[in-house]
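Trainee: Could you have a look at this structure, given as structure tokens, before my questions?
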Amino acid sequence: MTRQAPAAPRRLDFATELTRWEYAAAPETTRVEIAPRYGHFIGGEFAAPAGGGGHFASINPATEQPLCEVAQGSDADVDAAVRAARDALPAWAGLPAKERAKYIYRIARRIQERARELAVLETMDGGKPIRESRDVDIPLAAAHFFYHAGWADKLEFAFPGTRTAGTPVPPVRPVGVCGQIIPWNFPLLMAAWKLAPALACGNTCVLKPAETTPLTALRLAEICVEVGLPRGVVNVVTGDGRTGAAIVNHPGIDKIAFTGSTEVGKKIAAAVAGTGKRLTLELGGKSPNIIFEDASIDQAVEGIVEGIYFNQGHVCCAGSRLFVQESVLEEVVEKLRIRMASLRVGDPLDKNTDVGAINSKQQLATIRRYVEAGVAEGARLHEVNGHPLPDRGYWCRPSFFTGVQPSHVIAREEIFGPVLAVMSFRTPEEAITRANNTPYGLAAGVWTDKGSKIFEIARRLKAGVVWLNTYNKFDPASPFGGFKESGFGREGGLQGLRGYVRI
Amino acid sequence: MPERLNVTKTYKLFIGGAFPRTESGRSMKVAAADGPVVAHLCRASRKDLRDAVEAARAAHVKWAAATAYLRAQVLYRLAEMMEGKRRELEGAVAIGGGIEGEVARAIDRVVHYAGWADKYPQALGCANPVAGPYHNFTVPEPVGVVGVVCPDDAPLLGLVSLVAPVVCAGNACVVLASERSPVAACVLAEAIATSDMPGGVVNILTGLREELIPHFASHRGIDAIHAAGVGEEHRRVLELGAAENLKRVKVWVPEPDWFDDGACESPWCIEPFVEFKTIWHPSGS
């Protein structure tokens, strides 16, 4: 140990070799069984794919090793799933609402009981740190089913005063067969966001998990069997974008719910134009995180880290544009640099890991392209984390850019990785204008200890979720979804039910 | 030859609180049910639509920021002005073979939505019991500028039923009046101009659907579409264009009975034109 001079600020500097904290490896040891090959889940049974779709491998992004093979859903598979959902609809929608609720409660319970297995599987299939899948993804997925189960027999109170022409009493009816297409960043949680409200409102579903992360959705299908959910109420068809397109274009689908990129969301909106299909879209973002000089800076730095490095930055609402008031820019950047040096990047199954593997080779290439573009456009790249990375797997060190201009591609486009664009501002007015200067409007963060200011800024930000003095918090009771080109419709909470009922 | 020649009126567009002619210099004739031409109107162009959207965008910000109490009073004032112009509105509605009682019902509908301005956030928003030390609540906010395409049946009541829920929430709008019976919309514009409604909050165009609907659909300054009485093809065009910038679209299919208060008077008619904003703040420390 070296003795510090009395005048120097006292702090732990994780960035130097001298004081770096080393951890012993702490791998999660729970073993999960993975079959060599999975089919689709249609009409209550696991079935081999029909129509010549074949199989493809699901890769563990931390090792680049295949975990198993899953089916590539063909038009015939999708058609079979839609027919199963259609057949199941009258009985499910007609079930006493209390009974419907009990099935959904049971699903929540089974997720809780199988939580560790699901967490490990999620981490192996998608690369996210076990700490996050164990503490965030899986508990929230269970909570989503639990929350929505209770709505099943209370829908008339969610939509008071509604009625259809000629009827005195409000029948809140399901939309019908829902095609639900979900992304790879929160696989089981997104399945829960889609299925739980749909089932509570009496709909039946055809769910397509992302091609890189199908395993927990297939486990959820097993849970549907375990709880005795009537056949065909939930169907899972695996596959890539072609399978998604088959769902979108199937005439037997009444509603599409999609979470993914804005680019694909617009294509889906165009595809369903004029068909009468209902649509909700939860799309991309380039969310601003605004730090004022009167914020609690240490807390704000934690919020910045939580905002952009959570789940490797594979978060649609990631706080990827950081706006720092000029007077505290230097302090924030310095503290961020110190904090980032302590992030542990590596084996996602290690309980100490903060940043896991990038979900796929393709996504890693995308992130690298953006980092190169940032450098090429003249922004300054800071990659302060020097921990050695594993030899195999898809890895990306968390980083941030300073000297970013609003016109830079890294300040405008969604990177979907652990890359932050840091910019400064002088006045609240400027912060608001620049924060809103984007076609997206999913989320925003604001950090200040001034109460009236924070609510005024919150009011003026064009974003569906505004986190004040916090970031990346989620709850089944709290609606989530975007303004503008971040999509429409909400998921979760009272407002999230609206996409799954006819009133 | 008559003793005195009537001074017939040429109806103009209503944009930003003013009554400009169409920049295209085109006009349309409106004939009474029994034949004779009773009025000339502007046939709006794409450029007129762009001007109207610009006016609406400028007006929307202040209108959305106005207190809900003020918006309620302005809408109520509009009902007062409509009552004063009731005979003229009835005459205008009659040109297209109007329905008995349409004007009175339209006035009452404006009064209904005047009342929602300072209540709909309470009906549609809520506090959320999240599992953690956070204050969490959801509030509806106006989506912005709404393109309104009006039905031919009940040309005044249909228009009012589409516009009032949009405007009471703090949105601005650009309205395409009924193509078959547009005169009532022009008279309504005069009522709006003499109410306390800020210029640009409601803009009214007269013209042809076939020409203007594609531009409503594709204009990026329009955030949402509210339409009724459009055919299947126009609905498809609206939804396809909307996909380009993810406009929110509400097309009434089938067209409701505009005299049915149950169907046309509800916060669920406002809901398609709001964005839900959910705000989190830590509490407890």
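The values are calculated or read from the model by the stated rules, or taken from the named source; none is laboratory data. All figures in this text were calculated on a predicted structure; none of them were measured in a lab. Counting neighbours? That spans all protein chains shown, and the Cβs are built from the backbone with ideal geometry, glycine included. Side chains included, ligands, DNA and RNA excluded: accessible areas come from the protein's heavy atoms. Shrake-Rupley method; radii C 1.70, N 1.55, O 1.52, S 1.80 Å.
Trainee: Taking 0.36 nm per residue of sequence separation and subtracting the Cα-Cα distance, how much length would be gained by fully extending the chain between A:Arg337 and A:Ser296, in nm to one decimal?
Mentor: 13.1 nm
Trainee: Above 12 Å lies some portion of the pair distances; for the stretch B:136-194, what is it as a whole percent of all C-alpha pairs?
Mentor: Roughly 67 percent, once rounded to a whole number.
Trainee: Now for a different question. Would you calculate, for chain A, the mean residue ellipticity at 222 nm contributed by helices, counting each DSSP H stretch of 4 or more residues as -39,500 (n - 2.57) and dividing by all residues, to the nearest 500?
Mentor: Rounded to the nearest 500, the figure is -11000 deg cm²/dmol.
Trainee: Read phi for every residue in the stretch A:123-132 and hand back ³J(HN,Hα) as whole Hz from Karplus 6.51 cos²θ - 1.76 cosθ + 1.60, θ = phi - 60°, with x for Gly and Pro.
Mentor: 5, 5, 7, x, x, 7, x, 4, 4, 7
Trainee: Now, a different point. Taking a 1.4 Å probe, which of B:Thr278, A:Thr63 shows the most accessible area, and what order do the others take after it?
Mentor: A:Thr63, B:Thr278
Trainee: Calculate how steeply helix A:138-149 sits against the longest principal axis of the alpha-carbon atoms of chain A, using the helix alpha-carbon long axis, and give the answer as 0 to 90 degrees to the nearest 10.
Mentor: With rounding to tens, the tilt is 40 degrees.
Trainee: Now for a separate question. Can you give me the long-range amide H partners of A:Asp350? Hydrogens built in the peptide plane at 1.01 Å from N, cutoff under 5 Å, separation of 5 or more residues or another chain.
Mentor: Counting only residues 5 or more places away or on other chains, the set is A:Glu28, A:Ile130.
Trainee: Oh, and also: Only four residue types carry charge here, +1 at the Cβ of Lys and Arg and -1 at the Cβ of Asp and Glu. Report the dipole size of chain A about the Cα centre in Debye, rounded to the nearest 20.
Mentor: For chain A, the charge dipole is close to 1240 debye.
Trainee: Convert each backbone phi in the stretch B:256-268 into a coupling constant with the Karplus relation 6.51 cos²θ - 1.76 cosθ + 1.60 (shift: θ = phi - 60°), then list the ³J(HN,Hα) values in order as whole Hz, x for Gly and Pro.
Mentor: After applying 6.51 cos²θ - 1.76 cosθ + 1.60, I find x, 6, 5, 8, 8, 4, x, 7, 9, 10, 6, x, 6 Hz.
Trainee: What does the average come to when, for each residue of peptide A:270-283, you count the partner chain Cβ atoms lying within 10 Å of its Cβ?
Mentor: 3
Trainee: Write out the trypsin sites (Lys or Arg not before Pro) in the stretch A:429-503 meeting two conditions: DSSP loop, and at most 11 other Cβ atoms within 10 Å of their Cβ.
Mentor: Answer by residue number: there is no such site.
Trainee: The stretch B:1-72: which GluC sites (Glu not before Pro) are DSSP loop and have at most 13 other beta-carbon atoms within 10 angstrom?
Mentor: B:Glu3
Trainee: Okay, moving on. Taking the alpha-carbon set of the stretch A:85-241, what are its Rg and Dmax in Å?
Mentor: My reading of the Cα-based Rg and Dmax gives 15.9, 54 Å.
Trainee: A further question on this structure: Quantify how much of the Cα-Cα distance distribution of the stretch B:1-140 extends past 18 Å, in percent.
Mentor: Tail of P(r) above 18 Å: 73 percent of Cα pairs.
Trainee: Place +1 on the Cβ of every Lys and Arg and -1 on the Cβ of every Asp and Glu in the stretch A:213-344, take the dipole about the Cα centre, and give the residue among A:Val272, A:Thr213, A:Val305 whose Cα lies farthest towards its positive end.
Mentor: A:Val272
Trainee: Using +1 at the C-beta of Lys and Arg and -1 at the C-beta of Asp and Glu, which of A:Thr366, A:Cys396, A:Ala379 has the Cα lying farthest in the positive direction of the dipole of the stretch A:288-477?
Mentor: The residue sitting farthest along the positive end of the dipole is A:Thr366.
Trainee: If you don't mind, there's one more thing I want to ask. What angle do you read, to the nearest 10 degrees and between 0 and 90, between the alpha-carbon axis of helix A:361-376 and the longest principal axis of chain A?
Mentor: 40 degrees
Trainee: Turning to a different aspect of this structure: For B:Leu5 and A:Arg426, what is the calculated FRET efficiency with R₀ set at 51 Å and r taken between the beta-carbons, to the nearest 0.05?
Mentor: Efficiency at R0 = 51 Å is approximately 0.20.
Trainee: Ok, one more. If I model a spin label as a point 7 Å beyond the Cα along the Cα-Cβ vector, how far apart are those points for A:Glu33 and A:Val409 in nm?
Mentor: 4.8 nm
Trainee: Per q in 0.14, 0.16 1/Å, what log10 I(q)/I(0) does a Debye calculation on the alpha-carbon atoms of chain B return?
Mentor: One equal scatterer on each Cα of chain B leads to -0.95, -1.24.
Trainee: Per residue, what volume in Å³ does the Cα convex hull of the protein assembly as shown take up?
Mentor: Given the Cα convex hull of the protein assembly as shown, per-residue volume reads 166 Å³.
Trainee: Points 7 angstrom from Cα along the Cβ direction at A:Glu456 and B:Leu208: gap in nanometres?
Mentor: So the two model labels end up 5.1 nm from each other.
Trainee: Evaluate peptide A:476-484: per residue, the Cβ atoms of other protein chains within 10 Å of its Cβ; return the mean as an integer.
Mentor: 6
Trainee: Let me ask another. Once the whole set of protein chains is in place, how much accessible area is left on B:Glu83, using a 1.4 Å probe, in Å² to the nearest 10?
Mentor: 90 Å²
Trainee: Exposed loop sites here are chymotrypsin sites (Phe, Trp or Tyr not before Pro) in DSSP loop states with at most 15 other C-beta atoms within 10 Å. What is the longest stretch of chain A lacking them?
Mentor: The longest such stretch corresponds to A:24-503.
Trainee: Calculate the FRET efficiency for A:Asp87 and A:Asp153 from the Cβ-Cβ distance with a Förster distance of 25 Å, rounded to the nearest 0.05.
Mentor: Once rounded, the FRET efficiency stands at 0.55.
Trainee: Follow-up question, since we're still on this one. Which angle between 0 and 90 degrees, to the nearest 10, do you get for helix B:68-84 versus the longest principal axis of chain B when only C-alpha atoms count?
Mentor: 20 degrees
Trainee: At 1.4 Å probe size, put A:Lys98, A:Lys194 in order of accessible surface, largest to smallest.
Mentor: Result, largest first: A:Lys98, A:Lys194.
Trainee: For B:Thr67 and B:Arg220, calculate 0.36 nm times their separation in residues minus their Cα-Cα distance, and state this gained length in nm to one decimal.
Mentor: 52.3 nm
Trainee: Same structure again: Amide H of A:Leu279: which non-local residues (sequence gap of 5 or more, or other chain) have their own amide H closer than 5 Å, using H built in the peptide plane?
Mentor: It is A:Ile256, by chain and number.
Trainee: I need the calculated FRET efficiency for the pair A:Thr366 and B:Asp34, taking r as the beta carbon distance and R₀ as 45 Å, to the nearest 0.05.
Mentor: Calculated transfer efficiency: 0.10.
Trainee: Then there is this: What residues of the stretch A:400-417 lie in the reach of a label at A:Ala376, counting those whose backbone N is under 13 Å from a point 7 Å from the Cα along Cα→Cβ?
Mentor: The answer is A:409-410.
Trainee: When the Karplus curve 6.51 cos²θ - 1.76 cosθ + 1.60 is applied with θ = phi - 60°, which whole-Hz ³J(HN,Hα) does each residue of the stretch A:87-94 get, with x for Gly and Pro?
Mentor: 5, 7, 4, x, 5, 5, 5, x
Trainee: A:Leu283 accessible area, nearest 10 Å², 1.4 Å probe?
Mentor: 0 Å²
Trainee: Which of the trypsin sites (Lys or Arg not before Pro) found in the stretch B:178-231 are loop residues per DSSP with 15 or fewer other Cβ atoms within 10 Å of their Cβ?
Mentor: Taking the stretch B:178-231 and a limit of 15 other Cβ atoms within 10 Å, the loop trypsin sites (Lys or Arg not before Pro) found are B:Arg180, B:Arg220.
Trainee: Same structure, new question: Over the whole of B:126-138, what's the average partner chain Cβ count within 10 Å per residue? Rounded to a whole number, please.
Mentor: 5
Trainee: Check which residues have an amide H placed less than 5 Å from B:Ala44's amide H, if you skip close sequence neighbours.
Mentor: Residues meeting the criterion, in which the H sits 1.01 Å from N, are B:Thr206, B:Gly207, B:Leu208.
Trainee: Okay, next question. Explain nothing, just the number: dipole magnitude of chain B about its Cα centre with +1 on each Lys and Arg Cβ and -1 on each Asp and Glu Cβ, in debye rounded to the nearest 20.
Mentor: Charge dipole of chain B: 880 debye, to the nearest 20.
Trainee: What do you get for Rg/Rh of the stretch A:288-477 when both radii come from the Cα atoms and Rh is the Kirkwood radius?
Mentor: 0.95
Trainee: Here's something else I'd like to know. Suppose only helical runs count, i.e. DSSP H with n ≥ 4. What mean residue ellipticity at 222 nm does that imply for chain B under -39500 (n - 2.57) per run, divided by all residues and rounded to the nearest 500 deg cm²/dmol?
Mentor: -13500 deg cm²/dmol
Trainee: Of the options B:Asn245, B:Val111, B:Leu208, report the single residue whose Cα projects farthest towards the positive end of the charge dipole of the stretch B:10-282 (beta-carbon charges: Lys, Arg +1; Asp, Glu -1).
Mentor: Checking the options against the dipole of the stretch B:10-282, the answer is B:Asn245.
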